[in-house]
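The next block holds one structure in the form of structure tokens; read it before the comments.
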Amino acid sequence: MSIPQANPAMNQTDSCDVLVIGGGPAGSTAAALLAQQGRRVVLVEKEHHPRFHIGESLLPCNVGLFDRLGVREQVEKIGMPKFGIEFVSPEHSYTSCVEFGDAWDKSMPFSWQVRRSELDELLFRNAASRGATTLEGCRVRDVQFDGDGATVGATMDDGSQRQWRTRFVIDASGRDTLLANKFRIKDKNPEHNSSALFGHFRNAKRLEGKKEGNISICWFEHGWFWFIPLADGTTSIGAVCWPYYLKSRDKPLKEFFADTIALCPVLVERLKDAELVDDAVHATGNYSYIARHCSGERYLMLGDAFTFIDPMFSSGVYLAMHSAFDGVDVVAATLDRPREAAKARKRYEKTMRVGPREYSWFIYRVTNPTIRDMFMHPVNPLRVKEALMSLLAGDLYGRTPIKPSLYAMKAIYYLISITNFRRTFAGWKRHRFNIRDMGKLQGETVIK
């Protein structure tokens with residue numbers, strides 16, 4: 001593929017070893033690691049930090065990644081300690097609380113809830129401190145590849161044009177999925193189709209003591225809620241809903257969100273004295289997608305730029321950062337050891353599918369009463385509870401031997417499902433009904 005002719009309106013073409021598109025957790029992590037290797041790294045972000053982003057809940061396996069980046073103490077200062085998960089089901093008269101300390105590996109008993117605006121800025125500034133050149137208000141418009149690298153064109157906030165010649169491109173553009181869209185390889189996930197309403201509240205009633213920072217997952221008729229306590233006293237609350245429900249909206253988003261909360265008695269009680277921060281409710285459309293591949297000879301896709309799944313298990317930030325740690329090995333092989341690059345990309349392609357696949361197995365079955373019973377009444381035959389908590393902690397890539405117990409858990413699920421065939425079939429029908437395509441919600445809306 002030939003390099004496009006330079007636009008006369010553009011400034012002089014700059015050069016770098018790696019250009020990273022997107023200053024979220026994935027892009028900032030990759031930029032910091034590559035800069036530490038002595039590479040010339042440019043990290044560009046279309047917005048300006050701090051900028052709003054949803055997805056405040058972290059996994060225990062994030063802690064080790066923060067250690068490796070040298071930012072753990074900074075994250076701890078902005079975080080609310082999170083020791084476990086509360087599950088709330090309308091079909092049960094009690095709630096179920098599980099702790100990460102009950103996982104197979106007892107060395108990762110906690111994580112944090114964080115404001116993403118603070119976390120993302122922290123990681124972005126860390127990349128700069130490690131030697132990466134960082135630019136905000138810089139939107140990449142075009143990437144043209146050839147055998148030696150790529151030419152990247154971008155527009156700054158003031159309308160000026162920038163252009164780089166780079167040896168490697170990392171796409172960490174999140175749900176913008178810049179390269180997946182360019183190559184037309186992005187596919188909607190046929191097994192899950194959901195959208196979300198969310199806002200932040202003051203004075204929400206929380207769990208007490210050690211459990212105060214726990215995330216609560218509350219099922220309701222049309223999907224599920226998250227309840228995430230933050231360190232500044234606010235609480236993030238969102239409803240992940242099936243498309244048919246959002247299509248039924250016939251009133252302003254704020255009122256519709258209030259009506260949705262009213263469908264969950266537990267949240268009604270916890271929010272009876274609460275107020276909506278800035279009187280703002282957000283909505284975001286169709287969630288789940290995957291690209292057909294996530295690497296090429298001169299590029300990688302990290303995190304959400306490759307795939308996005310339902311956020312029920314708060315895996316997004318961890319999977320994004322983990323992909324960055326894996327991705328820098330591919331970049332190093334490509335730039336320093338070209339003969340090893342193909343094998344490195346093959347390993348990366350395989351690893352990138354592990355997390356989404358393992359979490360999605362449970363997400364796809366969330367409407368099945370058997371799965372809800374297993375979450376609401378966790379037991380530990382064959383160490384299945386320990387394996388489940390390891391999964392929820394993000395312990396998917398290490399040496400913890402949880403696979404046999406996860407297989408056992410799935411076998412128990414199938415056995416119970418067959419034994420209760422009518423209930424299982426009804427759950428399957430409900431799932432097919434829920435995920436039917438109702439058309440696409442347009443982007444993200446903010447109502448104030």
When you go through (1) modelled with pLDDT of 95 or more; (2) touching a strand residue (DSSP E or B) at 6+ places or on another chain (Cβ under 8 Å); (3) over 23 Å from Glu56 (Cα atoms) one by one for Cys264, which number turns out not to apply? (3)
What is the residue count in the range 297-350 for residues that are in a loop (DSSP other than H, G, I, E, B), in contact (Cβ under 8 Å) with a residue 24 or more places away in the chain and not hydrophobic (A, V, I, L, M, F, W, C)? 5
Would you confirm whether or not the range 242-253 contains a residue that is over 30 Å from Leu388 (Cα atoms), in the same structural domain as Asp176 (by TED's automatic domain parsing) and surrounded by 18 or more Cβ atoms within 10 Å (Cβ to Cβ)? no
Scanning the range 58-107 for residues that are in contact (Cβ under 8 Å) with a residue 24 or more places away in the chain, polar (S, T, N, Q) and within 16 Å of Ser390 (Cα to Cα) gives Asn62
Suppose the filter is under 23 Å from the mean Cα position of the chain (by Cα), surrounded by fewer than 16 Cβ atoms within 10 Å (Cβ to Cβ), aliphatic (A, V, I, L, M) and at pLDDT 95 or above; does Val446 pass it? no
Output the residue which, of all residues in the range 199-221 that are in contact with a Phe, Trp or Tyr (Cβ under 9 Å, 6 or more places away or on another chain) and small (Gly, Ala, Ser), is farthest from Gly238 (Cα to Cα). Gly213
Within the range 25-36, can one find any residue that is outside any helix (DSSP H, G or I) and in the same structural domain as Arg167 (by TED's automatic domain parsing)? no
Pairs, first in contact (Cβ under 8 Å) with a residue 24 or more places away in the chain in the range 249-266, second of a type in the set (Lys, Arg), C-beta under 9 Å, six or more apart: Lys254/Lys448; Phe256/Arg249
Verdict on Ala320 being at pLDDT 95 or above, farther than 26 Å from Lys205 by Cα, surrounded by 21 or more Cβ atoms within 10 Å (Cβ to Cβ) and of a type outside the set (Phe, Trp, Tyr): yes
Taking the range 221-265 and keeping only residues that are closer than 21 Å to His92 by Cα and over 19 Å from the mean Cα position of the chain (by Cα), one is left with Glu221, His222, Thr260, Ile261, Ala262, Leu263, Cys264, Pro265
Kindly indicate whether Ile371 is modelled with pLDDT under 95 and under 23 Å from the mean Cα position of the chain (by Cα). yes
Could you check the range 175-287 for helices (runs of 4 or more DSSP H) lying wholly inside it with 2 or more residues that are more than 30 Å from Arg139 (Cα to Cα)? 243-247, 253-261, 265-270
Picking from Arg202, Arg167, Arg206, the residue that is more than 22 Å from the chain's Cα centre (by Cα) and closer than 28 Å to Gly285 by Cα would be Arg202
Among Val88, Val44, the single one that is assigned by TED's automatic domain parsing to the domain that holds Trp224, closer than 30 Å to Leu197 by Cα and not basic (Lys, Arg) is Val88
For residues that are among the aromatic types (Phe, Trp, Tyr) and in contact (Cβ under 8 Å) with a residue 24 or more places away in the chain, scanning just the range 394-432, find the one that is farthest from Gly355 (Cα to Cα). Trp428
Would you check if Gly131 is among the small types (Gly, Ala, Ser), modelled with pLDDT of 95 or more, more than 15 Å from Phe66 (Cβ to Cβ) and not in a loop (DSSP other than H, G, I, E, B)? no
Could you list, ordered by first residue, the pairs with Cβ atoms under 7 Å in which the first is in the range 119-133 and surrounded by 21 or more Cβ atoms within 10 Å (Cβ to Cβ) and the second is at pLDDT below 95, at least 6 apart or interchain? Asp120/His53
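The values are calculated or read from the model by the stated rules, or taken from the named source; none is laboratory data. All figures in this text were calculated on a predicted structure; none of them were measured in a lab. Don't worry about glycine lacking a Cβ; one is built from the backbone with ideal geometry, like all the others, and counts go over all protein chains shown.
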